[in-house]
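Shown next, in structure tokens, is the structure this report addresses.
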Amino acid sequence: MNRHPTLLLAVHGTRQARGTAIAHSLALRVGEITQRPTRLAFADVLAPSVGEVAATVPGPLVVVPAFLATGYHVRTDIPHQLAQAGRADAVITPALGAHPAALATAHQRLLAAGYRSGDGVVLACAGTSDTRAHTELDQATAGLSDLLGTPVLRGSIATATPTVADQVAALRLSGHTRVVIASWLLAPGLFHDRLAHCGADAVAAPLCPDAAIARALADRYHQAAIPLPV
């Protein structure tokens, strides 16, 4: 006997009401696309946690991390929470960031924010100390550069250097009269709010809400769910 696994959408969590509302609406949209049981859990900041939700789900489980890089939460925290909940059997999909829809959406958001040819561009990332995540963020930066046909610098909002503000200042010093920030963030929150104070002429919106992101997360689930045996 086989059963389609439950989809557990794991997001970071934010204390901002709008960001939390977007997380809930994203989970609903992903569930509508997959037509599978879908639960939402938070890796940090808010409850219920990934482990708390996973412990209540019977049968097969696929955890889809709505993260833009494979950093601490995806590589260590979420697997630890699942193990503590007795759900080490759960399948964890790759993070969202490498999906083509993420980069395409970041590009569209930057254009909508008023990007002009010749602008200096900084890709704003949350920041991480994870080496593998740094490689993925470098790949995203190179991908955006290819789409724009111009160099893009990567800046961190927290925990790493150079910061977004550092990179904006560097572009000014190099002669750019206009500098814009592309957002490599999933939803509104404290990190995105900080970008308004980095000295840029325009700041792109985060990737959500966007139907393409919901479809990308659904793709992650479908690639992992085969369905799994009960």
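The values are calculated or read from the model by the stated rules, or taken from the named source; none is laboratory data. What you are looking at is a predicted structure, and each value in this text was computed from that prediction instead of being measured. Here Cβ is always computed from backbone atoms with ideal geometry, including for glycine, and neighbour counts include all displayed protein chains.
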>> I'm checking my understanding of the structure. Among residues of the stretch 154-193 that are part of a helix (DSSP H, G or I) and among the charged types (D, E, K, R), which one is farthest from Tyr72 (Cα to Cα)?
In response: Arg172
> Are any residues in the stretch 129-153 outside any helix (DSSP H, G or I) and touching a helix residue (DSSP H, G or I) at 6+ places or on another chain (Cβ under 7 Å), and if so, which ones?
Replying inline: Asp130, Pro151, Val152, Leu153
> Within the bounds of the stretch 64-76, is there any residue that is more than 27 Å from Ser183 (Cα to Cα), of a type in the set (S, T, N, Q) and surrounded by fewer than 18 Cβ atoms within 10 Å (Cβ to Cβ)?
Replying inline: no
> Does the stretch 24-41 include one or more residues that are buried (at least 20 other Cβ atoms within 10 Å of the Cβ) and assigned to a loop (DSSP other than H, G, I, E, B)?
Replying inline: no
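Name the single residue, out of those in the stretch 161-210 being over 21 Å from Gly127 (Cα atoms) and within 14 Å of the chain's Cα centre (by Cα), that is surrounded by the fewest Cβ atoms within 10 Å (Cβ to Cβ).
Here the answer is Pro209.
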> Does Ala10 satisfy being assigned to a strand (DSSP E or B), closer than 30 Å to Ile181 by Cα and not assigned by TED's automatic domain parsing to the domain that holds His192?
Replying inline: yes
> Which pairs have Cβ atoms under 6 Å, sit 6 or more apart or on different chains, and link a residue in the stretch 206-218 that is closer than 13 Å to Ala187 by Cα to one that is assigned to a helix (DSSP H, G or I) and at pLDDT below 95?
Replying inline: Pro206/His192; Cys208/Ile22; Pro209/Ile22
